[in-house]
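Since the structure comes first, as structure tokens, the remarks are kept for the end.
The values are calculated or read from the model by the stated rules, or taken from the named source; none is laboratory data. Predicted model, so just to flag it, every value in this text is computed and none were measured. We place every Cβ from the backbone using ideal geometry, glycine too, and count neighbours over all the protein chains shown. Accessible surface areas use protein heavy atoms only, side chains included; no ligands, DNA or RNA. Shrake-Rupley method; radii C 1.70, N 1.55, O 1.52, S 1.80 Å.
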Amino acid sequence: MKEIKIESTLYAFQNLKALPKDVLNLMNKAIHAREKAYAPYSNFKVGAALLLDNGEIITGNNQENACYPSGLCAERTAIFYAGSQFPDAKILQMAITAASEKNKTNKPIPPCGACRQSMAEYEMKQKSPIEIYFMGETGAVFKSNSLSNLLPLVFDKSML
């Protein structure tokens, strides 16, 4: 048996004030989207904002349903809207923020597995990485230069 080591590199900003101005603007759009999330079951609101290469900023938030699998995460809401409205645009950056009504979220909250897989599809489609910034309600903001840091063993179309 052979051991295989997989490493990821993330960057940490102490708080929102430490972000570059353009990223702060994107994160503020994600925060605004988070505040409008529909999360009556989990009480866990998530907002996402995407910067496209055409200058458009697309936002999304989680939309829950009493039939839980019928809901949709903020990241996929934004990505799928961008894909349907701007199919040739590349996603340059994504900002994600999450807040719980039950607990203080002061640590960065990464995207769930389903969202990571969807994000991977768009990175492969556009043949360029997406910078991903994520945070809780307050505190540090993590940055990944590519989805591959968050999902190193990706399932893609080459496997079909």
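Report every pair of residues separated by at least 6 positions or lying on different chains whose Cβ atoms are under 8 Å apart, first residue within segment 136-147 and within 24 Å of residue 123 (Cα to Cα), second open to solvent by less than 30 Å² (accessible area, probe 1.4 Å) and acidic (Asp, Glu).
146/123; 147/123
Being out of contact with any Lys or Arg (no Cβ under 9 Å at 6 or more places or on another chain) and not in a strand (DSSP E or B) is the filter here, so list the residues in segment 126-156 that pass it.
Within segment 126-156, 129, 145, 146, 148, 149, 152, 153, 155, 156 qualify.
If you scan segment 94-104, which residues turn out to be open to solvent by less than 30 Å² (accessible area, probe 1.4 Å), of a type outside the set (A, V, I, L, M) and either free of Cβ contacts under 8 Å to residues at least 12 places away in the same chain or in contact with a helix residue (DSSP H, G or I) (Cβ under 6 Å, 6 or more places away or on another chain) (or both)? Write out each step before concluding.
Step one: of segment 94-104, the residues open to solvent by less than 30 Å² (accessible area, probe 1.4 Å) are 94-100.
Then drop every residue that is not of a type outside the set (A, V, I, L, M), which leaves 97, 100.
Scanning segment 94-104 gives a single hit, 97.
Looking only at segment 65-81, which residues are of a type in the set (D, E, K, R) and open to solvent by 40 Å² or more (accessible area, probe 1.4 Å)? Break it down into steps so the answer makes sense when it comes.
Restricting attention to segment 65-81, the residues satisfying the condition of being of a type in the set (D, E, K, R) are 75-76.
The one that is of a type in the set (D, E, K, R) and open to solvent by 40 Å² or more (accessible area, probe 1.4 Å): 76.
How many of the residues making up segment 1-25 are under 10 Å from residue 140 (Cβ atoms) and of a type in the set (S, T, N, Q)?
Looking only at that region, the number is 2.
Is there a residue being under 16 Å from residue 37 (Cα atoms) and either in contact (Cβ under 8 Å) with a residue 40 or more places away in the chain or open to solvent by 50 Å² or more (accessible area, probe 1.4 Å) (or both) anywhere in segment 111-123? Working first, answer last.
Taking segment 111-123 first, the residues under 16 Å from residue 37 (Cα atoms) are 111.
Checking the rest, the ones that are also either in contact (Cβ under 8 Å) with a residue 40 or more places away in the chain or open to solvent by 50 Å² or more (accessible area, probe 1.4 Å) (or both) come to none.
Looking for residues that are under 16 Å from residue 37 (Cα atoms) and either in contact (Cβ under 8 Å) with a residue 40 or more places away in the chain or open to solvent by 50 Å² or more (accessible area, probe 1.4 Å) (or both), one finds none in segment 111-123, hence no.
Take segment 132-144 and flag every residue that is among the charged types (D, E, K, R) and open to solvent by 50 Å² or more (accessible area, probe 1.4 Å). Break it down stepwise before answering.
From segment 132-144, those among the charged types (D, E, K, R) are 137, 143; that's our starting set.
Passing the criteria: only 137.
Kindly indicate whether residue 107 is open to solvent by 50 Å² or more (accessible area, probe 1.4 Å) and either closer than 13 Å to residue 50 by Cβ or in a helix (DSSP H, G or I) (or both). Before you say what the answer is, go through the steps one by one.
Working: open to solvent by 50 Å² or more (accessible area, probe 1.4 Å): yes; either closer than 13 Å to residue 50 by Cβ or in a helix (DSSP H, G or I) (or both): no.
For residue 107, the condition - open to solvent by 50 Å² or more (accessible area, probe 1.4 Å) and either closer than 13 Å to residue 50 by Cβ or in a helix (DSSP H, G or I) (or both) - is not met.
So residue 17 clears everything in (1) farther than 17 Å from residue 111 by Cβ; (2) surrounded by 15 or more Cβ atoms within 10 Å (Cβ to Cβ) except one condition, right? Which one?
Going through the list (1) farther than 17 Å from residue 111 by Cβ; (2) surrounded by 15 or more Cβ atoms within 10 Å (Cβ to Cβ), residue 17 breaks only (2).
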